[in-house]
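Just so it is clear, none of the values below were taken in a lab; they were calculated from the coordinates. All of these numbers come straight from a predicted model, not from anything done at the bench. Positions of Cβ are generated from backbone atoms using ideal geometry, with glycine treated the same way; all protein chains shown enter the neighbour counts.
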Amino acid sequence: MAVLELDSVSKSYRTHLSLRKYWILRDLSFAVREGEIFGFIGTNGAGKTTTIKLALGLLFPDNGTIRIFGADAARPAARRRVGFLPENPYFYDYLTGYEFLDFHARLHGIPAAGRRRRVTAMLERVGLGNRADRQLRHFSKGMLQRIGLGQALIDEPALVILDEPMSGLDPIGRRDVRDLILDLKARGSTVFFSTHILSDTELLCDRVGMLVKGCLKAVGRVEDLVRGETPFWEVTLRWPSGGPPPCGRVVSRHEDEILVRVESQHDLHRLVSTLNGGGARLLSVTPARQSLEDLLVREVRRADGGEKDADGEEHGGEGHGADEPDGAPTGTAESDTVGERRAADAR
Amino acid sequence: MPGRILAIALNTFREAIRNRILYLLLVFAVALILCAQAVSLMTVGSEEKIIKDFGLATIDIFGVLTSVLLGIGLVSREIERRTVYVLLAKPIHRAEFVLGKYFGLVLTLLVNTAVMTAWFFGLLVAKGIADAGLAKAIVLLFLQFLLITALAILFSCMSNPIISCILTLALYVIGHLLWSFDLLKARLTSATARAICTVFQAVLPNLSHFDVKGQVVHGLPVSAGDMAFAFGYLALYGTAILLLACAIFQRREMQ
């Protein structure tokens, strides 16, 4: 079941004195499934926060539909089971930790009878039990992040949306947030979070969506996205002759062993096929694993190249792909998703 | 009042009472009411009138200042500081947010006016010149504050605090000078121009309905009909303004 579903969502804006339309998001379609951790990755300005604001009804799409638990996201009732933590959260700094969570519990309609217990328990859960009576203006950034998580989770939401939750945190704070996200999943919640810290994404996410300049470039499991394309192989050879190998670049040499980097399967076959005598022997072949970062960097560069060819529209003058709710890329005629290009490479 | 509106209202009240500006205004107002005694000594024969006039004018000015200074930032400052994001991401209607902010400031004004009135009546009782008519004047002033707060929140929903402040204060001044449109209409020969004046009179807030200071200071009675009309005017005009504010905020994007 799709917990959060965007279908052909586009969003543009105009500057005050200009009639020109700038596209922030173009034809965005994807779905977040129940119980998964979904990472929404992209560079700064890719449109991640805009997507989240659209999902929460803070912005309105130019076209397309957004549904939360099957209901129109613009309706307040759709957000009844949603918790949200914005990037660099700003809260009422005149409130104490307790007052702040109590206020948000009231907004969720938690009855007075259980509210005190719920608020106290949440303060403990986010590690601020001993800061209940301190005003938020005296909180550190990490503490603000934790109290922000507290307000997001106060009503045990089924969908938790976090905008850059690790941004600006120290390593301990980041680990705490990571643990909390995993804990949420263990409790049965669905977590959707945006980030540009890709190491966290690879560690945490069941699936990711990659947004580049307002266009969705890929959706799927991390393993599926990074698998398939091997940018190069590292081949270790016993190479007593001392001369250069027939192809590839020698990275290092130690006595009669050399490490050679080859960048195509053709060169790899050619190199291995030459090992037919003279003491030359294959010791190991290691395909380089592509990381999400490599993938993102490549997509951004590709989009930059495409933008130069576009007719002056910002973000997404090029074709762009969309994925079906099940995560299998479908795209359109001019689709440009990772999945499609990989299929083309295979052919 | 639904729970969410009440929660936002109480939080707005809490914000106001933790705001130094409110105390600054209140201290000035209380000091000025006490100054009425000193000012009255400088006049001959009309000490009672001066004290009442000065006290009511002080409550009027400081109540309006509180309405405007706190009201103009009620919504726009929340957007500017981005505190509104987490609120509107909750299962609340935007209208509940606007109404919660409004009623929170109404509660603040109620406490503010009550404190000023208590000081004022303390002085009047001490001088032995307390008068029930003054209470009616203060109730009408409070109704005026409610209307001005609605206007301030309307502008706050669509503009920044500076522009909101200018527009609200402009309407406050115009609202007390609407009678001058009658003089203008008498001089105009064009029927169209007179019709435009009539439209302005109907659309702009007529705050003279809430101003009976002159009457009560001179000992003239304020009829129940005048009071009822003021209540009715506030109910209709204030509701229309708040509905407009909610409609505008409903369409506003949180960039």
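Based on a Kirkwood Rh over C-alpha pairs, give the Stokes-Einstein translational diffusion coefficient of the range A:1-118 at 10 °C and viscosity 1.306 mPa s in µm²/s. Taking Rh from Cα pairs, D becomes 96 µm²/s.
Under 10 °C and 1.306 mPa s, how fast does the range A:233-287 diffuse according to Stokes-Einstein, given a Kirkwood radius computed over C-alpha pairs? Answer in µm²/s, whole number.
Working: Rh = 10.9 Å.
So the translational diffusion coefficient is about 146 µm²/s.
The range B:125-212: percent of C-alpha pairs farther apart than 22 Å? More than 22 Å apart: 45 percent of the Cα pairs in the range B:125-212. The residues neighbouring A:Tyr94, those whose beta-carbon lies less than 10 Å from its own, together hold a net charge of 0 under the Lys/Arg +1, Asp/Glu -1 convention. Taking a straight line from the alpha carbon of B:Lys101, these lysines sit under 29 Å away, with near neighbours fewer than eight places off in the same chain left out: A:Lys53, A:Lys141, B:Lys90, B:Lys136. As a proxy for reagent exposure, ranking B:Trp179, A:Trp239 by other Cβ atoms within 10 Å from fewest up yields B:Trp179, A:Trp239. In chain B, the DSSP-assigned H stretches of four residues or longer account for a calculated mean residue ellipticity at 222 nm of -25500 deg cm²/dmol, using -39500 (n - 2.57) per stretch and the full residue count as denominator. Rounded to the nearest 10 degrees, the angle from helix B:191-203 to the longest Cα principal axis of chain B is 80 degrees.
What's the FRET efficiency of A:Asp304 with A:Arg270 using the Cβ-Cβ distance as r and R₀ = 25 Å, to the nearest 0.05? Can you show the working numbers first?
Numbers: r = 34 Å, r/R0 = 1.34.
My answer for the efficiency is 0.15.
In the range B:81-138 the Cα-Cα distances spread across 5 Å bins starting at 0 as 4, 15, 16, 15, 10, 9, 8, 8, 7, 6, 2, 0 percent of all pairs. With respect to chain B, whose longest principal axis is taken over its alpha-carbon atoms, helix B:20-41 is tilted by about 10°. Using only the C-alpha atoms, the convex hull of the range A:1-61 corresponds to 89 Å³ per residue.
For chain A, give the share of DSSP beta bridges that are antiparallel, in percent and rounded to the nearest 5; count only bridges with both residues there. Intermediate results must be reported in sequence, preceding the final value.
Values: 40 of 59 bridges.
Just about 70 percent of them are antiparallel.
Each Lys or Arg adds one and each Asp or Glu subtracts one; over the other residues with Cβ under 13 Å from the Cβ of B:Gly219, this totals +1. Averaging Cα coordinates gives a centre for the range B:38-111 and one for the range A:20-60; these two points are 39 Å apart. Using a Debye calculation, one point per C-alpha and no hydration shell, please list log10 I(q)/I(0) for the range B:3-251 at q = 0.15 Å⁻¹ in order. Log10 I(q)/I(0), no solvent term: -1.08. Once the Cα atoms are used to define both axes, helix B:47-71 deviates from the longest principal axis of chain B by about 10 degrees. Semi-axes of the equivalent ellipsoid of the range B:32-139 are 40, 13, 9 Å, computed as sqrt(5λ) over the eigenvalues of the C-alpha gyration tensor in descending order. By the combined test of axial Cα extent (at least 15 Å) and Kyte-Doolittle hydropathy (mean at least 0.0), the qualifying DSSP H helices of chain A come to A:141-153.
Listed values for the range B:153-167 are Karplus-derived 3J(HN,Hα) couplings in whole Hz (6.51 cos²θ - 1.76 cosθ + 1.60, θ = phi - 60°), namely 6, 4, 5, 5, 6, 10, 8, 8, x, 5, 5, 4, 5, 4, 5, and x replaces Gly and Pro. For A:Leu4, nonlocal amide neighbours, meaning residues 5 or more places apart or on other chains whose placed amide H falls under 5 Å from its own, are A:Val32, A:Phe69.
Seen from A:Thr49, the other residues with C-beta closer than 9 Å to its C-beta sum to a net charge of -1, counting Lys and Arg as +1 and Asp and Glu as -1. 3J(HN,Hα) along the range B:103-112, derived from phi through the Karplus expression 6.51 cos²θ - 1.76 cosθ + 1.60 where θ = phi - 60°, amounts to 5, x, 6, 4, 4, 4, 5, 4, 5, 4 Hz, with x in place of Gly and Pro. The HN-Hα couplings worked out from phi for the range A:230-240 by the Karplus form 6.51 cos²θ - 1.76 cosθ + 1.60 (θ = phi - 60°) are 10, x, 6, 10, 9, 10, 9, 10, 7, 9, x Hz, whole numbers, x standing for Gly and Pro. Size check on chain A: the Cα extents along the three principal axes, sorted descending, read 84, 50, 39 Å.
Ordering B:Gln250, A:Pro86, B:Leu56 by the projection of their Cα atoms onto the charge dipole of the protein assembly as shown, which places +1 on the Cβ of Lys and Arg and -1 on the Cβ of Asp and Glu, puts B:Leu56 at the extreme positive end. Along chain A, the exposed loop sites are GluC sites (Glu not before Pro) outside DSSP states H, G, I, E and B with at most 11 other Cβ atoms within 10 Å, and the longest stretch free of them is A:1-254. Taking other C-beta atoms within 10 Å as the exposure proxy, B:Cys197, B:Cys157 rank B:Cys197, B:Cys157 from fewest upward.
Taking R0 as 35 Å, what's the FRET efficiency between B:Leu41 and B:Ala118 from their Cβ-Cβ distance, rounded to 0.05?
Numbers: r = 23 Å, r/R0 = 0.66.
That pair, B:Leu41 with B:Ala118, gives E of 0.95.
Rounded to the nearest whole angstrom, the semi-axes of the ellipsoid equivalent to the protein assembly as shown, taken from the Cα gyration tensor as √(5λ), stand at 67, 27, 20, largest first. Please give the Cα centre distance for the range B:123-153 versus the range A:199-244, rounded to the nearest Å. First find each Cα centre; the distance between them is then 73 Å.
How big is Rg to Rh over the range A:98-174, alpha-carbon atoms, Rh as the Kirkwood inverse-mean-distance radius?
0.96
Legend: ranking of residues A:Cys205, B:Cys246 from fewest to most surrounding C-beta atoms inside 10 Å; resulting order B:Cys246, A:Cys205.
Are there trypsin sites (Lys or Arg not before Pro) in the range B:77-117 that DSSP marks as loop and that have at most 13 other Cβ atoms within 10 Å, and which are they?
Values: sites: B:Arg77, B:Arg81, B:Arg82, B:Arg94, B:Lys101; in loops: B:Arg82.
Of the trypsin sites (Lys or Arg not before Pro), not one in the loops of the range B:77-117 has a Cβ with at most 13 other Cβ atoms within 10 Å.
Taking amide H as placed 1.01 Å from N in the peptide plane, A:Ala218 has its amide H under 5 Å from the amide H of A:Met210, each at least 5 places away in sequence or on another chain.
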